[in-house]
Amino acid sequence: MSTSSPGHDAVVVGAGHNGLVAANLLADAGWSVLVVEQQDQVGGAVRSDTEVHPGFVHDTFSAFYPFAAASPVISGLDLEQHGLRWRHPPAPVGHPFPDGGWALVHPDRHDTAAGLDAEHPGDGEAWLDLCRTWDRVGGPLLSAMLDPFPPVRGGARLLSRLPRAGGLHLVRELLTPAATFGASRFGGRGARTLIAGSAGHADIPLDSTGSGAFGLIMTMLAQSVGFPVPEGGAGRLTEAMARRLESRGGRVVLGTEVESVEVRGGRAVAVRTREGERYAARRAVVADVSAPLLYGRLLDPDDLPSRVARGMDSFELDPATVKVDWALSGPIPWASGPAVAPGSFHVGDSLSQLQGSLAEVAAGGVPQRPFLLAGQMTTSDPTRSPAGTESLWAYTHVPQSVGARWSRDDVERFGDRVEERIEELAPGFGSRVLARRVLGPRDLQERNASLVGGAVNGGTSQLHQMLVLRPVPGLGRPETGIGGLYLGSSSAHPSGGVHGAPGANAARAALLHHRLHSPVRAGAGLLARLDRSSAPDG
């Protein structure tokens, strides 16, 4: 039997960080907001748990948050007033090599430069020069990347600063693939591998346009704002967002699966749950779910605009993910330890091996020696496990076509392969494992329905599905073609990363459209004010 609850100005589907950002901004504008979440806790892909081993906290999905530290959206929420506390590892990120060497980003750029220069004279000054370039263009570049498309304000600021940062030469560098970007500035392997490994956080092949810019951004974020983590677990970040929302009158309903978005007269008017509840939305529905979930399951095909339906036929997910969590009885027993312990580290034998591993996944193969992204969480935040132990994770990617058919045994055997990669760098690693959990693509989707096939980025970040092509050609904004319905997940521009931009863009679009259609606020003067209020921070 279907029941109907009192309406709200906005209903947000999904309590991931983007959904909670959208809900907070709408509540700040005086709207009544309801967030409906399928899982029994808030967070989406920003959650933590204690199921691996007693006394150990593991981040179920994402873990380090440089984008959150740099995001004006998230900093503007003032989450420290709602219980959030950031912790920083001794060093943000590192890369161990099989011969015992390390490439490290230290908290101080001059220490980073000294380490790089010791390996290859001249690379230290080249690093500092890159940092100075970032000082000039980093803020506007991030703003242009995170703003709604087209990025008018951020783009204008970036253009004004380009001449002093290298002009067209810098533009050309940003368009250079990561595999060759480092070679244009550095002679040694350290900086080159740090940039390429950072580019590996996305699914852009290292020989493709876009990978160099992404590698630069991630590396410079590590150097400028670090790789912070929420004290106590990733979930503390989204829990603080939920508390902030509730302090402003918003409401979160957990353990409730949205079955459909109700569209009437070409406009979203409510969401319906699997339990038969109907939540009316007077002004807007914001969907913090993946595009395949929204357009393929929650909407009636007859309600889809034809261009969206056609575009989704060719929508491309990012590769599937396999994540391994360990509870260790002691720190990683590195054969040759780093000068300073990094919170995050990358595992790849060399630049060419790293490139080959990622290319193999892109070509549909499962690498024998996968490239790993890993994190020492107790090193980063001592509250994550008992003193003297380590809460550790590593993840890598496999093709969607492979992950979809893997059995539990297949997932565990691939987990063995991941563990062997760390054992090579740290003999005796296996003897320190108290407990292990391997989450395959299906496991990740079961824990978060938006991680379709274990895709953690809401769709590929390659250039053919970015900007005005995300999630389908012709959009590039949170509008869906259905009145009052906004896509506020990583499937929308500007893609993945815990920066809150998709949720913020969706909320601002909803506020703008409501004001434009409010007869009380009609007029040219209003339009000017709306243009200012809808522009992102930064």
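At-a-glance table
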{"item": "Contacts under 7 angstrom Cβ, first residue in segment 123-145 being over 20 Å from Leu467 (Cα atoms), partner of a type in the set (Ser, Thr, Tyr) and at pLDDT 95 or above, 6 or more apart", "result": "Trp127/Thr112; Trp134/Ser224"}
{"item": "Where a residue in segment 211-237 is at pLDDT below 95 and its partner, wherever it lies, is outside any helix (DSSP H, G or I) and of a type in the set (Ser, Thr, Tyr), with Cβ under 6 Å and at least six apart", "result": "Gly212/Thr176"}
{"item": "Qualifying position, being touching a Pro at 6+ places or on another chain (Cβ under 8 Å), modelled with pLDDT of 95 or more and not basic (Lys, Arg), among Val418, Val438, Val433", "result": "Val418"}
{"item": "Some residue of segment 305-318 being assigned to a loop (DSSP other than H, G, I, E, B), touching a strand residue (DSSP E or B) at 6+ places or on another chain (Cβ under 8 Å), charged (D, E, K, R) and farther than 30 Å from Leu425 by Cα", "result": "no"}
{"item": "Matching residues, segment 397-416, being in contact with a Lys or Arg (Cβ under 8 Å, 6 or more places away or on another chain) and under 23 Å from Pro331 (Cβ atoms)", "result": "Gly415"}
{"item": "Set Gly388, Gly364: member being among the small types (Gly, Ala, Ser) and within 23 Å of His53 (Cα to Cα)", "result": "Gly388"}
{"item": "Tally, over segment 421-449, of residues that are out of contact with any Leu (no Cβ under 7 Å at 6 or more places or on another chain), part of a helix (DSSP H, G or I) and either of a type in the set (Lys, Arg) or within 21 Å of Arg47 (Cα to Cα) (or both)", "result": "5"}
{"item": "Residue count for segment 319-366, restricted to those that are part of a loop (DSSP other than H, G, I, E, B) and under 22 Å from Thr180 (Cα atoms)", "result": "4"}
{"item": "Counted residues, segment 186-201 - those being closer than 29 Å to His58 by Cα and open to solvent by less than 10 Å² (accessible area, probe 1.4 Å)", "result": "8"}
{"item": "Tally, over segment 174-197, of residues that are over 14 Å from Trp127 (Cβ atoms) and under 24 Å from the mean Cα position of the chain (by Cα)", "result": "8"}
{"item": "All helices (runs of 4 or more DSSP H) inside segment 108-217 with 1 or more residues being touching a Pro at 6+ places or on another chain (Cβ under 7 Å)", "result": "123-146, 152-165"}
{"item": "Pair list, Cβ under 7 Å, 6 or more apart: segment 276-294 residue outside any strand (DSSP E or B), other residue modelled with pLDDT of 95 or more and aromatic (Phe, Trp, Tyr)", "result": "Ala291/Phe315; Pro292/Phe315"}
{"item": "Selection count where residues are more than 30 Å from His464 (Cα to Cα), open to solvent by 30 Å² or more (accessible area, probe 1.4 Å), in a helix (DSSP H, G or I) and not basic (Lys, Arg), scope segment 218-258", "result": "3"}
{"item": "Single unsatisfied condition, Val418 versus (1) assigned to a helix (DSSP H, G or I); (2) closer than 23 Å to Phe315 by Cβ; (3) not basic (Lys, Arg)", "result": "(2)"}
{"item": "Count of segment 281-294 residues which are open to solvent by less than 20 Å² (accessible area, probe 1.4 Å) and either touching a Cys at 6+ places or on another chain (Cβ under 6 Å) or closer than 15 Å to Gly484 by Cα (or both)", "result": "6"}
{"item": "Residue satisfying all of: in segment 131-170; closer than 23 Å to Pro66 by Cβ and of a type in the set (Val, Ile, Thr); farthest from the chain's Cα centre (by Cα) among these", "result": "Thr133"}
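The values are calculated or read from the model by the stated rules, or taken from the named source; none is laboratory data. Model, not experiment: these values are computed from the prediction. Cβ: placed from backbone, ideal geometry, glycine included. Neighbour counts: every protein chain shown. Just the protein is used for accessible areas: all its heavy atoms, side chains included, with ligands, DNA and RNA removed. Shrake-Rupley method; radii C 1.70, N 1.55, O 1.52, S 1.80 Å.
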